[in-house]
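Read the structure below first, then the notes.
The values are calculated or read from the model by the stated rules, or taken from the named source; none is laboratory data. Values in this document were obtained by computation on a predicted structure and should not be read as measured data. All Cβ positions, even for glycine, are placed from backbone atoms using ideal geometry, and neighbour counts span all protein chains on display. All accessible areas refer to the heavy atoms of the entire protein, side chains included, with ligands and DNA or RNA removed. Shrake-Rupley method; radii C 1.70, N 1.55, O 1.52, S 1.80 Å.
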Amino acid sequence: SDFDTFFSPMSPHPEELPGFYYDPEKNRYFRILPGHNNHNPLTKDSIQHKAMECKRLRLLEEEEKQNQKTTRAGLNSSVLLQKRQLGLLSSTSYCRLVHELKVNCMQRRKIEIHSPDSSVAGTNNFKIIVADVACERIFTVNDVEHGGCKYGIINLSGLGKESLTVEMYDNLYFTNRKVNSVCWASLTHPDSHLCLMGIAETPGCASLLPASLFSSTNPGDRPGMLCSFKISTAWSCAWCLNPQADNCFSTGLTRRVLVTNVVTGHRQTFGTSSDVLAQQFATQTPVLYNGCRSGEIFSIDVRQRNRKGQSWKAFRLFHGSAVTSIHLMEAEHYLMAADMSGKIKLWDLRTAKCVKQYKGHHNEYALLPLHVNEEEGLLIAVGQDCYTRIWSLQDAHLLRTIPSPHPSSKDAIPSVVFSSRLGGSRGVPGLLMAVKQDLYHFSYN
């Protein structure tokens, strides 16, 4: 009958049937049950997880065989060099395309972590890693088994050696707070402090800590916490480098923004209609950009006094879902933003229009950061599916998709850092990936 033909698993292209799953290995259909069932484990979640794991293992196998190829036809180092010598490529374009070639050839190597301050190095899962401006140090937030988090700083100077080793310094006095957001702060000198937005029981807590708390030098002379105060649940933070709002950091809270001068203690509060999930200060002006759960992106000139209502919003953009990360480009004419529908958009702030979209990112509900490297012409983002994707900033071309070394899960989303100078001015280029208890270096070949 017609139905038998439609249902037959022997047909070359099996039809999708509502409530059924076709298994190509067993060549038959199975009924999908809602939720979990001990007798029939075929649920939508298990089917999706199996398919994702098969894809991840296949991509890992391809990477181990070094089958990575450039995604642009005809792009290779000899062609680039020839075009550069003939004057057909500017130095900027040449460097950008060389980086594009190199990221396609990056190879994964596991880093050995030494921790002189702790006997339990490598036993806690990485949650967040954030590099300082010079990419000499990485601040880490690790989950601990009994709840809460452990903080530390990794010195990257060992990356330049043949044996990949790094030193990780912990401070066991600060282990009790979950952390939503971290940023480096330049108070006494560049990247001298760290802003931590934590979740205590209720309410939350904002802390400004000297980076020297996580240092092997002068262990007997450790300065105390510079400031710490209780707040409602904090989602984001940002440090201001503009001299007109010196020594200020911002905290994105539930339905408000709090700007604090850490020297004078002066605070400004700006009420919002939604939770503020992402923040960044401009450097050329004392303006703070904010991304909200409602999808709104707005700016605040922090020189003005608090006003009732929301007339202080100097600039407004809108995404279709919650904005999870924003990045103001160097010239401060463009803003990159990502949201919980997986969209990544580049906005022209002069016209308030989206000028580029970077496709392929996956997100549904997580607070996932963007990593923009303008000098190298690259955009990097880790998706909720645990894949790290690299795009060309110039034309939004997806250059590479890197599978996680560990099976995909909600508690194993990698945290990454990319730089052409990991370890400082004489450092090595590549990508750092922290996932579970491991740290990997994807090095240029």
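Taking 51 Å as R0, compute the FRET efficiency from the Cβ-Cβ separation of SER192 and LYS50 and round it to 0.05.
0.60
As an exercise, use a Förster radius of 41 Å and the Cβ-Cβ distance of THR285 and TYR365 to find the FRET efficiency, rounded to the nearest 0.05.
Efficiency at R0 = 41 Å is approximately 0.80.
Using 0.36 nm times the number of residues separating THR123 and THR401, minus their current alpha carbon distance, what extension gain do you get?
Contour length minus the Cα-Cα distance gives 97.3 nm.
Give the dimensionless ratio obtained when the Cα radius of gyration of the range 371-414 is divided by 2.2 N^0.38 Å.
For the range 371-414, the normalised Cα radius of gyration is 1.24.
Would you mind checking LYS178/LYS410; LYS313/LYS410; LYS55/LYS359 for any pair whose Cα atoms are more than 28 angstrom apart?
LYS313/LYS410
Using 0.36 nm times the number of residues separating VAL263 and LEU88, minus their current alpha carbon distance, what extension gain do you get?
Once the chain is fully extended between VAL263 and LEU88, it gains 57.7 nm.
What fraction of the Cα pairs in the range 109-443, stated in percent, has a spacing above 35 angstrom?
Distances greater than 35 Å cover 17 percent of the Cα pairs.
Quick one: ranking VAL428, VAL259 by accessible area, 1.4 Å probe, largest first, what do you get?
VAL428, VAL259
With charges only on Cβ, +1 for K and R and -1 for D and E, what is the dipole size of the range 355-445 about its Cα centre, in debye, rounded to 20?
That gives a dipole near 80 debye.
Mind ordering 132-138, 289-295 by average Cβ neighbours within 10 Å, highest first?
289-295, 132-138
So if R0 is 60 Å, what FRET efficiency would GLN304 and GLU16 give, r being the distance between their Cβ atoms, rounded to the nearest 0.05?
Taking R0 as 60 Å, the efficiency between GLN304 and GLU16 is 0.60.
How much of the accessible area of the range 109-443, in percent, comes from carbon and sulfur atoms when a 1.4 Å probe is used?
Looking at the range 109-443 in its full context, I get 48 percent from C and S.
Hey, can you find the accessible area per residue of the range 109-443 for me, probe 1.4 Å, expressed in square angstrom?
The answer is 42 Å² per residue.
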